Each structure stands twice: as C-alpha cells, then as structure tokens.
Amino acid sequence: MISKKIEALLNQQVELEASSSQYYLAMASWAEIKGYNGVSKFLYTHSDEERTHMLKLINFINERGGHGVVPALKAPPASFKGIQEIFEQILKHEIHVSTEINKLVERCLSEKDYTTHNFLQWYVSEQIEEEALARNVLDKLNLIGNDKGGMYLFDRDLETLSTQQDKKGK
Ligand code: FEO
C-alpha cells in the first residue's frame, strides 16, 4: 500500500510524463511538416516512450492500492524556431524530469517506502540515458552549424537512432 502523499506525487509524475509525450509529439509533427523526416521519426518514437513511462506509473499506483489518474494537459507549442531549439528544449525538459524523479526518490526514502523507491530506480537510469542522448544530439548539431549537407546527414542519422530506440522496445 502506498501513502496518500506518495500516491499524489506519483500522479504528478504521471502528468509530467503525459505532458512530455504531448510536447515531443508537437515537436515531431512540426519537424514532419518542415521536411525533417528522420528528426520527426525520432521524436514520434520519443513521444511513444513517454507514454509508456506514464502507463508504467499508472499501473504501479493501481497495483499498490492507489488510483492512477489520467490528467488534463496544457496544449504544447505548435511551432518551434528550429531543430537546435527543439533539442535544447528537450535537454532542459529532461533535466527538469530528472529533478522531479529525484524528489520522489527522496520522499520515498524519508517515508521508508522501499517498494516505490525500488520501482523508481528504473526511472533514475532512464533519465541518465535520456539526458545523455539529448546532449549527444546537441553536440552533433553544434558540430554541423549551418552546413546544409551536414544537416541532411544528421536527419538520416536520427532516423537510424529512432529505429534502434524502437528495437529497445522502451
Ligand atoms: Fe519519461 Fe523523458 O522522461
């Protein structure tokens, strides 16, 4: 059984994962209409992953005697300045998600809720990967700068990356 406080915090995390999914979906759709097919595929996959993060939380809350609540969401932005801006926003957003996960972990320790603490370890590792991936993509973009040919190859690279992510089945 989880405490009411932990249940409320986990439900806040449900909302954050759901809004991450919507946010990345908006980015994917924008990238698609701008002709960045690889980037858009990568972002659609990323959006799906966030949805699975949300589902995992809902299932856990329910298994532990709570109620995973589906939240109302604020609309994400519809357009973006460019690909660089998108990945900067992703990194910023993922750092925010990591901070929230860490707060949850701390709360579990102070309540001695070791079951939820154990469950959250998956999210702790996932956040390390997600931040590293966003940094890695930003490094590539910085190298490319304004080189159009480089951007074409980058877009193709991201398509490969999203296929690899798909195979991981996250
Ligand atoms: Fe589920 Fe990207 O945090």
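The values are calculated or read from the model by the stated rules, or taken from the named source; none is laboratory data. Being a predicted model, the structure only gives us computed values, none of them experimental. In this analysis, Cβ positions are derived from the backbone assuming ideal geometry, glycine residues included, and neighbour counts consider all displayed protein chains.
Answer with yes or no whether LEU161 is within 24 Å of GLU49 (Cβ to Cβ), within 16 Å of the ligand (Cβ to nearest atom), surrounded by 14 or more Cβ atoms within 10 Å (Cβ to Cβ) and at pLDDT below 95. Answer is yes for this residue. Considering the range 116-134, and only residues there that are more than 11 Å from the ligand (Cβ to nearest atom) and of a type in the set (Ser, Thr, Tyr), the residue that is surrounded by the most Cβ atoms within 10 Å (Cβ to Cβ) turns out to be THR116. Taking the range 123-154 as the range and being of a type in the set (Gly, Ala, Ser) and farther than 24 Å from THR99 by Cβ as the test, the residues that pass are GLY145, GLY149, GLY150. Can you name the residue in the range 73-111 that is among the acidic types (Asp, Glu) and within 12 Å of the ligand (Cβ to nearest atom) and, of all such residues, is surrounded by the fewest Cβ atoms within 10 Å (Cβ to Cβ)? Filtering first and then ranking leaves GLU100.
Annotation note: of TYR23, TYR36, the sole residue that is farther than 17 Å from TYR123 by Cα, touching a Leu at 6+ places or on another chain (Cβ under 9 Å) and buried (at least 21 other Cβ atoms within 10 Å of the Cβ) is TYR36. Candidates in the range 39-72 are the residues that are under 24 Å from SER125 (Cβ atoms) and assigned to a loop (DSSP other than H, G, I, E, B); of these, the one that is nearest to the ligand (Cβ to nearest atom) is GLY68. Within the range 1-20, being surrounded by fewer than 19 Cβ atoms within 10 Å (Cβ to Cβ), outside any helix (DSSP H, G or I) and touching a Lys or Arg at 6+ places or on another chain (Cβ under 9 Å) holds for one residue alone: MET1.
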